[in-house]
Each structure stands twice: as structure tokens, then as C-alpha cells.
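The structure appears right after this line, and notes come after that.
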Amino acid sequence: KGGTYDYDLIVIGGGSAGLACAKEAVLNGARVACLDYVKPTPTLGTKWGVGGTCVNVGCIPKKLMHQASLLGEAVHEAAAYGWNVDDKIKPDWNKLVQSVQNHIKSVNWVTRVDLRDKKVEYINGLGSFVDSHTMLAKLKSGERTITAQTFVIAVGGRPRYPDIPGAVEHGITSDDLFSLDREPGKTLVVGAGYIGLECAGFLKGLGYEPTVMVRSIVLRGFDQQMAELVASSMEERGIPFLRKSVPLSVEKQDDGKLLVKYQNTETGEEAEELFDTVLWAIGRKGLVDDLNLPNAGVSVQKDKIPVDSQEATNVANIYAVGDIIYGKPELTPVAVLAGRLLARRLYGGATQRMDYNDVATTVFTPLEYACVGLSEEDAVKQYGADEVEVFHGYYKPTEFFIPQKSVRYCYLKAVAERHGDQRVYGLHYLGPVAGEVIQGFAAALKSGLTINTLINTVGIHPTTAEEFTRLSITKRSGLDPTPAS
Ligand code: FAD
Ligand code: NA7
């Protein structure tokens, strides 16, 4: 295979999807090169090493900052448990950034060593197609033309900026936040997707003053009852939400503060407010532009690449995986598994395809929200309101009692088939360590979990996950889902 080409496979993008695919292809005997190149952010010029979004400017630094913020909360709670703590504790932003960046650098290093050990040729270059078998790699100095039998496009995406005055000059995105060399201070977070809410959440926990600007709804795509509970739990912690608002401009004042003018989308009313930082979290754009896809004939749909169930593009020898593909969940474990399965099909004679359904995910807000399967509204849309039963309940985590933490938003629900086996369509949980709670239930749901199995599973006491085994109240019954004690 590929005797006349430099490589059997060129993977474009060394992130979650690309690295998994490249390493698995080599394991299955292919000669592989993996290109990775990060363009600096427009104003601050932030850039990073190999590994892609998750490791450098996504999941990992986000989770570390979330953890930093939870630790601050825990120190305050510790006092209620009898620890003698100084109640004037405060975080050192620069030290936090340094610790986070040190961890990232070590992961970058391990990744490079791993690629060398596994015999993937890593090329630090920006790839663009010359034709469907030829790629031009723009290196730090010079260029290189390389050819391959097969290509996998795994270029991911980058944050968008709004098209308003001052957005690029004065705003930052998640690409800059985790390495910001100054305290964020009073921060306007524009966008109410999971990235916006997570950033606002940890900034508040670290003692800054975030405000969330919401254009329409919170957490589009997620169960809207849960999304509103997430927003309310954040408001309860003192994070203001500017609803139905869009930014109009950002101007820098003489004292360095940022004046943001914005408008209410319903009343048309305009208002303005000063901030230290403006963070755009308005979604991400697929990185198709640099690839010169027309040279290879690859189709594009809304800055993403449509693929079939084998991750094949419309061009026979070109595939795409990860965030760059159209209409699939943008999550690291999805990217990794899809990349690995693709390599096994291409070089290992395997046939297994990626199953993009029932992927569990977590929103790491101060009170975390995790879910798997269908939202209540999607279940109703798919099966009809009469065929869907929702079991729900509020609960009180044991560990919340002594520090007297608010339990008002600790809530969970199972969305299920109403009749027959009562198969579970979706599970939703808002509360502590949500990701850890839902991960195992995700395997159960994929294995055909029913309400009967769920409520006949003996709980682990005292945990919050056991609340799923105690769900007995249906929404339809109208009974109060609040526990007595
Ligand atoms: P990427 O990881 O983005 O990798 C693509 C790589 O290709 C990049 O290094 C890019 O610079 C490079 N590249 C682009 N164009 C070219 C080119 N022409 N030539 C060479 N190289 C190129 N997911 C989760 O599962 N859990 C989370 O908690 C989570 N949190 C997140 C938090 C934030 C703030 C963000 C931004 C994302 C988060 N994600 C999370 C999403 C996750 O990071 C992505 O789904 C994942 O990184 C996608 O992997 P990928 O390989 O498709 O793309
Ligand atoms: P999302 O989930 O796409 O959310 C973007 C948010 O930003 C959402 O609340 C949008 O509101 C809002 N938005 C989008 N454009 C604008 C403009 N121009 N002005 C104001 N507000 C805006 O993005 P994330 O960054 O959280 O996540 C990135 C990806 O990771 C996402 O695509 C997921 O699939 C995974 P809207 O609801 O559109 O009114």
C-alpha cells in the first residue's frame, strides 16, 4: 500500500482525534505523518504545543481551574467541619496559571516522546492540500511537500469572535484565558454555551466578578429544565445573567477598563457597563480555511466537513474525524474513539464504526451537570408526550449539611419509556462530581437500562449517585419531588 507515496497516511491535526488515529494506524502497520500547527491568537499571540485543544486550551486547563475554584469553596466549608482556616484566603492567579501551564508543558513533552516512540512522524507545520494526494506543509521556516495514499483531516476548531467594533482588539477567548498574565477581574462572559458557563463559574469561585451575557437560551442543545437550573444555581452564587442581550461594541478607556455597549434583543434598549476583561464564548469555527480543500475536492458545510458513517468525505481517500466533522458531538472522548476506530478500519481490517449516540457529557459549572441520552424535550419530540415518563427528585447531599450549602438545585431525573419495559432514554443529574456519577450509568444506558433495573439496583450509601436508585416520583403524578428531610 502507498508504495509510490511518502506515507500511507497523513493526519492533519495533532489533537485528540489526530493523535489517536495516527498512533493506532502505526500500530496496525501504516507509515504515518502527523501535522500539527497552532496559529497564535489574534491580539495576545497565545500559542501552544502539540496535543490540540483538549490538552492546551480546553478540557484539561478548564478542569484544573474548576478544581482550583472548588478547592477555594472547600476551604470555606472546612471551617464548618472544625478546621481552623484563615477566612481571608485568596487565590494567586499568576501562580495558578503557572501551575496549569507547567502541567500542560509536561503533557506536550510526553506527547512528543510518545509520538517518537510509536514512530509517528510529527511535523510542526500548517497543512494545505495541493491535490487529493499531496500536501504542502508550511513549517516555521520553509515549506515541505509530502504525499500520501490516505488523508485524515482532524484540524478541530477555534473560538469565534463577534463581528462588532473592538471585539478582536479588546476581547479574549478561552484560547487566552488559561495563560492570561494578569488577573481577569470583573469579566463579561459573552455566550451561554457550556464553555461560557464553565469559565464564568470558575472565575466566580476564584473570587472574580463574572457576568454572563445570554443572547437567547442557556445551554442550547441540553435539556432546558436542567439548563435553567444550572443558570439559577449560578445566579444564586452571585453571577449576574444579562438575558436577551447582545454586545454592540467594546471600547478601551484611558484607565484600561473596557466599556461594553450592548442591546436587549427584545426591547431594543441599549445599555453599557465597564469590565476588566471581555471573554467571547460564542461558539467555535471549524478550521477549514487553511486546508485549501477545493484543491482536493473536499466538500464543506458551514465550516465543517460532512462525513458518512465511516468518517469518509466525498473524496475517496480523504477522511475526517473529531470536532471538524459536521453535526456530531464536539468532545474529546468522541474524537479519540472515532480516530482510533477509523485507523483500525483503514489498516487493521476492522469493521466497527463510531456510535455517536448516547454520549455522556458534563458541564463543569460550580454545581456540575452531567447527562447521557435524550433530553426530556427530545424524548417527547421523538416518542410523543404520552409515551414518555419522567422520574425526578430533589435530593440533599450529606456533605452539604454541615457547611449549610444550598441544596435548592440538587436535582436529578430519568427520562424513560412510559409503557412496556420502561427503557431509560436519558439521565440527568445536577450536583457534586456529576461526571463521576453519570459515567457508569452511561454504560448501563447503552446496555438497555430500564426503570425496573434502576430502582432494583441497591444504592451505595451515602452517595449522591444512589439517588438514581431511589427515583419513584413521576412528573405526571404531580407529587412534590422534594425530600422530607
Ligand atoms: P483539536 O484538539 O482542536 O486538534 C486539532 C489540531 O489541529 C490543533 O492542534 C490545531 O492547531 C491543528 N490544526 C488545525 N489546522 C491545521 C492545519 N491546517 N495543519 C496542521 N495542523 C492544524 N471536551 C470534553 O470531552 N470534555 C471537556 O470537558 C471539554 N472541555 C472543553 C473546554 C474548552 C474551553 C474547549 C475549547 C473545548 C473543550 N472540550 C471538551 C472539547 C474538546 O477539546 C474537543 O472536542 C477536542 O479537542 C477535539 O479534538 P480534535 O482532535 O477534533 O481537535
Ligand atoms: P456553543 O455551545 O455553540 O454556545 C455559544 C453561545 O454563544 C450560545 O449561548 C450562543 O447563543 C451564543 N452566541 C453565539 N453567537 C453569538 C453572538 N454573535 N453574540 C452573542 N452570543 C452569541 O459554544 P461553546 O463555545 O460553549 O462550545 C463550543 C462547542 O463545543 C459547541 O459547538 C459544542 O458543540 C461543543 P444562541 O444559543 O446561539 O443564541
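The values are calculated or read from the model by the stated rules, or taken from the named source; none is laboratory data. Given the structure is predicted, the values throughout are model-derived calculations rather than measurements. We place every Cβ from the backbone using ideal geometry, glycine too, and count neighbours over all the protein chains shown. Side chains included, ligands, DNA and RNA excluded: accessible areas come from the protein's heavy atoms. Shrake-Rupley method; radii C 1.70, N 1.55, O 1.52, S 1.80 Å.
Okay, residues lined up against (1) within 16 Å of ligand 2 (Cβ to nearest atom); (2) in contact (Cβ under 8 Å) with a residue 12 or more places away in the chain; (3) assigned to a helix (DSSP H, G or I); (4) open to solvent by 10 Å² or more (accessible area, probe 1.4 Å):
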{"position": "Gly14", "(1), (2), (3), (4)": "no, yes, no, no"}
{"position": "Cys34", "(1), (2), (3), (4)": "no, yes, no, no"}
{"position": "Cys54", "(1), (2), (3), (4)": "yes, yes, yes, yes"}
{"position": "Leu64", "(1), (2), (3), (4)": "no, yes, yes, yes"}
- [ ] Among what's in the range 273-292 and is open to solvent by less than 60 Å² (accessible area, probe 1.4 Å) and either under 20 Å from Gly339 (Cα atoms) or among the aromatic types (Phe, Trp, Tyr) (or both), pick the residue that is farthest from ligand 2 (Cβ to nearest atom).
- [x] Leu291
Task: strands (runs of 3 or more DSSP E) contained in the range 217-286 and holding at least 2 residues among the acidic types (Asp, Glu) - done: 270-275
Open item on the list: So, in the range 155-190, exactly how many residues are within 16 Å of ligand 1 (Cβ to nearest atom) and either outside any loop (DSSP other than H, G, I, E, B) or open to solvent by less than 10 Å² (accessible area, probe 1.4 Å) (or both)?
Closed with: 16
Open item on the list: So Lys63 ticks every box in (1) more than 19 Å from the chain's Cα centre (by Cα); (2) under 26 Å from Gly322 (Cβ atoms) but one. Which box is left unticked?
Closed with: (1)
TODO: Scan the range 66-85 and give yes if some residue there is on the phi < 0 side of the Ramachandran plot, within 16 Å of ligand 2 (Cβ to nearest atom) and of a type outside the set (D, E, K, R), otherwise no.
DONE: yes
Open item on the list: List pairs: first residue in the range 331-359 and assigned to a helix (DSSP H, G or I), second residue among the β-branched types (Val, Ile, Thr) and away from ligand 1 (no atom under 13 Å from the Cβ) anywhere in the structure, Cβ distance under 7 angstrom, at least six positions apart or on different chains.
Closed with: Arg345/Thr351; Leu346/Thr150
Open item on the list: The conditions are (1) within 30 Å of Ala74 (Cα to Cα); (2) open to solvent by 30 Å² or more (accessible area, probe 1.4 Å), and Thr453 fails exactly one of them. Which is it?
Closed with: (1)
- [ ] Report yes if some residue within the range 100-119 is among the small types (Gly, Ala, Ser), modelled with pLDDT of 95 or more, in a helix (DSSP H, G or I) and more than 19 Å from Gly52 (Cβ to Cβ); otherwise report no.
- [x] no
Task: Unique match (being touching a residue at least 12 places away in the same chain (Cβ under 8 Å), open to solvent by 40 Å² or more (accessible area, probe 1.4 Å) and not in a helix (DSSP H, G or I)) among Thr150, Thr145 - done: Thr145
